[in-house]
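Asks: Have a look at the structure that comes next, please.
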Ligand SMILES: Nc1ncnc2c1ncn2[C@@H]1O[C@H](COP(=O)(O)OP(=O)(O)O)[C@@H](O)[C@H]1O
Ligand SMILES: [Mg+2]
């Protein structure tokens with residue numbers, strides 16, 4: 001049973017390069033700056049969120065792997081990044097879970113089980129890697145809500161439909177009710193003619209749900225290179241404004257739409 005008031009948001013599509021990690025890190029920090037207690041869980045064996053937050057992982061550092069294997073306790077494996085912002089890191093070992101959990105009963109619930117003892121967070125944000133892996137399915141089971149980043153591009157709409165189908169199939173099979181809270185459009189560039197068409201299509205298909213927008217800003221890439229969030233790298237950037245607004249809108253959205261408790 002999750003702490004009733006904790007919102008666990010999976011930043012999810014099972015596709016790479018759409019802005020998941022960028023959103024996990026910067027939405028996380030933006031919420032922390034608004035005095036919310038935030039935990040980011042890196043579920044990607046590539047450890048991009050871990051690196052992006054400047055967190056060092058050695059062979060001895062507890063990670064999401066050791067937590068999901070029961071080798072370390074979740075509450076003792078969480079690192080502090082800065083005020084109100086915490087991380088459960090990942091590295092290559094996370095990939096081992098695919099084979100090591102494969103034959104275990106209840107393998108989809110390893111993360112939920114391990115996180116039971118953790119409380120006190122307002123928001124837990126899950127950054128996931130590509131593919132419908134066992135680790136990502138664990139994320140979906142643990143999450144209360146899924147927020148989909150959608151990169152504006154020719155195949156963005158198909159990627160969305162594929163993910164929604166996969167999510168619904170997994171939820172039905174496992175009898176979980178993880179909610180699709182909505183979408184955040186990433187790399188929005190209004191100078192491109194396709195942009196308005198895709199924005200209006202997507203805002204129509206997410207009617208009544210959360211709908212956010214982040215404009216294209218190369219500062220996001222530079223910030224990652226410096227292992228900083230956009231608020232550390234350039235607080236006056238367009239992306240900092242957009243992620244701060246996204247956080248405000250997420251907080252408002254949850255005030256209206258109560259969090260689920262799985
Ligand atoms: N709004 C944006 N404007 C410009 N570049 C972006 C934006 N969002 C993400 N990127 C860049 O796109 C690339 C992929 O983003 P990332 O967050 O790593 O995607 P994912 O985690 O889905 O694979 C990165 O180089 C990142 O800096
Ligand atoms: Mg990523």
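Asks: If the requirement is being within 14 Å of ligand 2 (Cβ to nearest atom), over 20 Å from residue 136 (Cα atoms) and surrounded by 17 or more Cβ atoms within 10 Å (Cβ to Cβ), which of these qualifies: 27, 53?
Replies: Working: 27 fails: over 20 Å from residue 136 (Cα atoms).
Going through 27, 53 in turn, just one is within 14 Å of ligand 2 (Cβ to nearest atom), over 20 Å from residue 136 (Cα atoms) and surrounded by 17 or more Cβ atoms within 10 Å (Cβ to Cβ): 53.
Asks: Against the condition away from ligand 2 (no atom under 16 Å from the Cβ), under 25 Å from residue 30 (Cβ atoms), over 18 Å from the mean Cα position of the chain (by Cα) and touching a residue at least 40 places away in the same chain (Cβ under 8 Å), how does residue 120 come out, does it pass? First the steps, then the outcome.
Replies: Values: away from ligand 2 (no atom under 16 Å from the Cβ): yes; under 25 Å from residue 30 (Cβ atoms): yes; over 18 Å from the mean Cα position of the chain (by Cα): yes; touching a residue at least 40 places away in the same chain (Cβ under 8 Å): yes.
Criteria met by residue 120.
Asks: Tally up the residues in segment 168-195 that are outside any loop (DSSP other than H, G, I, E, B) and either modelled with pLDDT of 90 or more or touching a strand residue (DSSP E or B) at 6+ places or on another chain (Cβ under 8 Å) (or both), please.
Replies: 18
Asks: Can I ask one more? Of all residues in segment 201-225, which are within 16 Å of ligand 2 (Cβ to nearest atom) and either without any contact (Cβ under 8 Å) to a residue 12 or more places away in the chain or more than 17 Å from the chain's Cα centre (by Cα) (or both)? Write out each step before concluding.
Replies: Keep residues of segment 201-225 that are within 16 Å of ligand 2 (Cβ to nearest atom), which gives 214, 220-221, 223-225.
Across segment 201-225, the qualifying residues are 221, 223, 225.
Asks: Moving on. Based on this model, can you work out whether residue 102 counts as out of contact with any strand residue (DSSP E or B) (no Cβ under 8 Å at 6 or more places or on another chain), closer than 27 Å to residue 175 by Cα and not in a helix (DSSP H, G or I)?
Replies: On the way: out of contact with any strand residue (DSSP E or B) (no Cβ under 8 Å at 6 or more places or on another chain): yes; closer than 27 Å to residue 175 by Cα: yes; not in a helix (DSSP H, G or I): yes.
In short, yes.
Asks: Within the bounds of segment 99-107, is there any residue that is surrounded by 20 or more Cβ atoms within 10 Å (Cβ to Cβ) and either within 21 Å of residue 31 (Cα to Cα) or at pLDDT 95 or above (or both)?
Replies: Within segment 99-107, none of the residues are surrounded by 20 or more Cβ atoms within 10 Å (Cβ to Cβ) and either within 21 Å of residue 31 (Cα to Cα) or at pLDDT 95 or above (or both).
The values are calculated or read from the model by the stated rules, or taken from the named source; none is laboratory data. Everything numeric in this text was worked out from a predicted model, so none of it was measured. Glycine also receives a Cβ, built like all others from the backbone with ideal geometry; neighbour counts cover every protein chain displayed.
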